[in-house]
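Chemist: Please read through the structure below; I'll follow up with questions.
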Amino acid sequence: MEVRGSVPQGQAPAPRPYEGVWRFTAPALDSSVPQVRHAVRSLVRDRGVPVDGDVLYGLLLIVSELVTNAVKHAAVLSPEVAVEVAVGAEWIRVAVEDNHPYRPKALENDHGRTGGRGLLLVKAITDEAGGSCDIAPTPTGGKVIWAAMPLFGAAG
């Protein structure tokens, strides 16, 4: 029996060489921010991910924001942050996980404040690229903040 919309058994397309999930940890230190950003950029390049330059730039900015937030706000309960990069046939997703239970919310744009706009920026970048982002609890009581975007952006 074939389910409507399914691919017949044995005929599913093989995954592309760049598809996969990679996970690594970094200490919750300021120096980890550029190191993680560099590691993500190298992973994308080394795996041959066919990502649009603007999407990659936005992704690396998101990585910097999320790791910075974890270092600044969660290090007391999370001496390490976990970073996951997942790549599908047409999308890329980055997630940063820490052990702190606080679930931040994207703040409204308040021109009187000089900080607190990191998640607002993450949301704006993912929206512009045609992607999405969210925050989810982990089984251990922490959180994972993720952002996913199409490889070729909204216009791709």
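For every residue, the table says whether it meets (1) at pLDDT 95 or above; (2) open to solvent by 20 Å² or more (accessible area, probe 1.4 Å); (3) under 18 Å from residue 82 (Cα atoms).
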| site | (1), (2), (3) |
| --- | --- |
| 107 | no, yes, no |
| 111 | no, yes, no |
| 124 | no, yes, no |
| 135 | no, yes, yes |
| 153 | no, no, no |
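Chemist: On the given criteria, is residue 89 at pLDDT 95 or above and within 18 Å of the chain's Cα centre (by Cα)?
Modeler: No, not satisfied.
Chemist: Since residue 84 meets every condition but one in (1) at pLDDT 95 or above; (2) open to solvent by less than 80 Å² (accessible area, probe 1.4 Å); (3) out of contact with any strand residue (DSSP E or B) (no Cβ under 8 Å at 6 or more places or on another chain), which condition does it not meet?
Modeler: (3)
Chemist: Within segment 52-67, can you find the residues that are in contact (Cβ under 8 Å) with a residue 24 or more places away in the chain and open to solvent by less than 50 Å² (accessible area, probe 1.4 Å)?
Modeler: Listed by number, the residues that qualify are 55, 58, 59, 62, 63, 64, 65, 66, 67.
Chemist: Any residue in segment 12-33 that's under 22 Å from residue 74 (Cβ atoms): show its pairings with residues that are hydrophobic (A, V, I, L, M, F, W, C) and in a loop (DSSP other than H, G, I, E, B) at Cβ separation under 9 Å, as long as the two are six or more apart or on different chains.
Modeler: Matching pairs, first to second residue: 27/75; 28/75; 28/76; 29/75.
Chemist: Can you name every residue in segment 1-58 that is among the β-branched types (Val, Ile, Thr) and at pLDDT 95 or above?
Modeler: 21, 25, 33, 36, 40, 44, 49, 51, 55
Chemist: Which pairs turn up if I take residues in segment 131-154 that are assigned to a strand (DSSP E or B) and look for partners that are among the aromatic types (Phe, Trp, Tyr) and open to solvent by 20 Å² or more (accessible area, probe 1.4 Å) with beta carbon separation below 6 Å, at least 6 apart in sequence or on another chain?
Modeler: Once the first residue is assigned to a strand (DSSP E or B) and sits in segment 131-154, its partners that are among the aromatic types (Phe, Trp, Tyr) and open to solvent by 20 Å² or more (accessible area, probe 1.4 Å) give 148/91; 150/91.
The values are calculated or read from the model by the stated rules, or taken from the named source; none is laboratory data. Quantities reported herein were computed from a predicted structural model and do not represent experimental measurements. Note: ideal-geometry Cβ built from the backbone for every residue, glycine included; neighbour counts use all protein chains shown. Accessible surface is based on the protein model in full, side chains and every heavy atom, while ligands, DNA and RNA are left aside. Shrake-Rupley method; radii C 1.70, N 1.55, O 1.52, S 1.80 Å.
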